[in-house]
Amino acid sequence: MNEIKNSSDIIIFGAYGDLSFRKLIPALYHLFNDDYLDADSKIISVSRQKTSQEEHIKLTKEKLIEFIEPELFSEDAFEKFKKLLHAVYVDFSDNDTYKDLKKLLDKSTNEDRISYLSTSPSFFGDICKSLNHWGLIKPSSRVVLEKPIGRDLESAREINNQVLSYFTENQIYRIDHYLGKNTVQNILALRFANRIMMPLWDSTNIDHIQITVAESVGVEGRWGYYDQFGAMRDMIQNHLMQLLCLIAMEPPCSLDANSIRDEKVKVLRSLRPITRENVASNTVRAQYEKGSINGQPVPGYLEGDGVSESTTETFAALKVDIDNWRWNGVPFYIRSGKRMQKRNSEIVIQFKNVPHSIFQNNGEPVSSNRLVITLQPEESITLSLINKVPDLSKNMRLEEVDLELMTPCTLKRKNEAYERLLLDVIRSNPTLFMRLDEVESAWKWVDTILEAWEDNLVPMKKYTAGTNGPSASIQLVAKDGRDWHEE
Ligand code: BG6
């Protein structure tokens with residue numbers, strides 16, 4: 001049994017989209033089964049789909065079965081969960097169509113009201129305006145905004161301003177689901193609960209840092225969305241920047257939401273701008289061509305869905321410098337791509353060599369310490385130490401041994417990140433959500449690169465599906481005498 005159960009009205013706008021069925025409904029189903037949501041709660045699926053209550057329940061059940069682990073679905077549990085489900089038709093930009101939603105909410109006695117906007121950001125303003133028009137925003141209401149918020153700083157500002165006309169900043173939860181991942185939060189524990197990490201975490205000891213988020217999947221039927229955004233806007237501006245902030249930030253004075261966000265914003269403001277002059281040597285963009293993954297042939301990006309022309313990147317790699325005392329001279333290499341060799345997300349902290357090595361190691365180079373924080377496919381934290389080979393050889397031989405730091409996760413569910421974040425919204429805890437200035441600072445930094453790319457200052461490279469990106473990405477790191485960590 002868990003703390004106090006919460007009775008909430010959770011309204012999902014864009015409820016018949018992929019995210020809702022794949023992530024949000026399963027997360028709410030688990031929260032309900034784990035007693036975090038009260039039986040009086042309502043999950044209101046708002047969409048432009050006209051559907052009866054029976055059809056809605058039937059479809060929700062089918063999708064749950066499709067998207068959650070089979071052992072976690074139970075007929076009995078669904079019988080109880082379905083009582084929370086409601087479907088309402090709304091045409092987001094037609095104010096008159098919100099009447100049914102109003103009727104339903106007026107009947108509800110739940111104090112807690114959460115609107116989850118899982119639509120294109122172009123509807124955020126209209127939805128908030130109509131919620132306000134129909135008197136559906138209470139002081140305790142919260143609104144969750146899915147990323148990416150806008151396509152650049154200007155559009156992000158416009159969208160944020162529209163939402164801020166009806167909700168206060170404290171009521172706005174800008175979600176980045178990477179912050180809900182257990183390992184990502186564990187970065188805070190690793191860095192700020194372990195004294196031994198403190199003196200090591202800077203340019204005196206760290207040579208460089210790598211952040212990789214590689215996916216083996218392609219755009220999975222989301223071509224219409226993805227082609228407008230690409231790897232930089234879909235992944236780097238948000239997920240990878242957030243990971244970079246957590247690794248690079250100074251210790252916050254408490255775990256309080258604003259203390260953490262203040263430190264993250266300072267990192268974003270310290271990012272050295274990539275200029276038109278150096279964009280070609282610090283960034284790589286590429287698109288995948290046909291190849292094979294796990295022995296299965298896969299078509300190229302331009303071969304799917306009848307598409308033949310696009311300049312959208314499916315891979316991006318950047319060398320990022322942070323201009324502050326801690327990170328002076330320590331590059332962060334970050335990369336993300338679709339249709340890569342395998343699903344693998346990791347942060348690699350590569351330490352410097354010892355100042356003077358006394359070991360000959362039979363002429364073999366002695367490697368230096370490395371801390372690898374793996375987010376996916378399995379969570380782990382591994383510290384590589386150098387150890388003596390336990391043999392009788394005349395000259396001492398050394399080898400790398402791995403120290404596993406992570407205890408197995410108890411909550412092994414596909415939607416764990418969304419569960420945690422939805423529960424945080426229910427509990428009114430914004431710590432793991434992005435504040436306005438974070439989103440804007442990230443866009444500001446990324447915008448210069450995107451503009452230079454649009455002006456073709458960086459050639460679009462190709463890479464074969466099933467590989468780790470184009471050779472230019474290897475070069476980006478190799479020209480500094482380093483290489484990407486590949487297992
Ligand atoms: C989403 C992106 O935010 O994150 C997708 O829009 C991407 O394109 C997904 O596939 C990756 O999330 P995860 O948790 O599977 O790494």
Compute the relative contact order of the range 247-399 as a whole-number percentage, counting only Cα pairs closer than 8 Å that sit 6 or more residues apart in sequence.
-> 14 percent
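Quote the charge dipole size of the chain about the Cα centre in Debye, to the nearest 20; the model charges only the Cβ of Lys and Arg (+1) and of Asp and Glu (-1). Don't skip to the end; give the middle numbers.
Values: 60 positive and 71 negative charges, 68 e Å.
That gives the chain a dipole magnitude of about 320 debye.
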What is the distance, in nm, between label points placed 7 Å from the Cα along the Cα-to-Cβ direction at Leu72 and at His356?
-> 5.6 nm
Please figure out what share of the DSSP beta bridges in the chain is antiparallel and state it in percent, rounded to the nearest 5.
-> 55 percent
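If you average the sequence gap of Cα pairs under 8 Å that are 6 or more apart and divide by the length of the chain, what percent do you get for the contact order?
Values: 871 pairs, mean separation 86.4, N = 487.
In percent, rounded to a whole number, it is 18.
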Collect residues whose amide H, placed 1.01 Å from N in the peptide plane, falls under 5 Å from the amide H of Tyr288; neighbours closer than 5 in sequence don't count.
-> Tyr301, Thr314, Tyr463
Using the number of other C-beta atoms within 10 angstrom as an exposure proxy, rank Lys394, Lys462, Lys63 with the fewest first.
-> Lys394, Lys462, Lys63
Along the dipole axis of the range 432-472 (charges at Cβ: +1 for Lys and Arg, -1 for Asp and Glu; origin at the Cα centre), the most positive-end residue among Ile449, Met434, Ser471 is Ser471
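Give Lys82/Lys338; Lys23/Lys444; Lys50/Lys107 a once-over and call out the pairs whose C-alpha atoms are over 27 Å from each other.
Lys82/Lys338; Lys23/Lys444
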For the range 438-487 and the range 75-90, distance of Cα centres in Å | 44 Å
Of Gly14, Asn205, Thr168, whose Cα points farthest to the positive end of the dipole of the chain (charges on the beta-carbon: +1 Lys, Arg; -1 Asp, Glu; origin at the Cα centre)?
-> Asn205
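Provide His208, His133, His239 in ascending order of the number of other Cβ atoms located within 10 Å of each residue's Cβ, fewest first. List each step's numbers first, then the result.
On the way: His208 19, His133 14, His239 22.
If I rank by nearby Cβ atoms, fewest first, I get His133, His208, His239.
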Looking only at aspartates and glutamates whose Cα falls under 14 Å of Lys99's and that sit 8 or more positions away or on another chain, we get Asp91
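Arrange the following residues from fewest to most other Cβ atoms within 10 Å of their Cβ: Lys388, Lys61. Walk me through the numbers before you get to the answer.
Working: Lys388 12, Lys61 17.
So the ranking, lowest neighbour count to highest, is Lys388, Lys61.
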Dipole of the range 79-182, Cα-centred, from +1 at each Lys and Arg C-beta and -1 at each Asp and Glu C-beta, to the nearest 20 debye?
-> 440 debye
Computed, not fitted: 222 nm per-residue ellipticity of the chain from DSSP H runs ≥ 4 (each -39500 (n - 2.57)), nearest 500, equal to -9000 deg cm²/dmol
Hey, how many Å between the Cα centroid of the range 104-148 and the Cα centroid of the range 16-67?
-> 17 Å
Restricting to lysines and to Cα separations under 17 Å from Lys479, and discarding same-chain partners fewer than 8 apart, the set is Lys319
Excluding residues on the same chain fewer than 8 positions from Lys80, give the aspartates and glutamates whose Cα lies under 18 Å from its Cα.
-> Asp9, Asp34, Asp35, Asp38, Asp40, Glu54, Glu55, Glu62, Glu71
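Values quoted throughout were computed directly from the atomic coordinates according to the rules given, and no laboratory measurement underlies them. Just so it is clear, the model here is predicted, and its values are computed rather than measured. Virtual Cβ from ideal backbone geometry, glycine too; neighbours counted across all protein chains shown.
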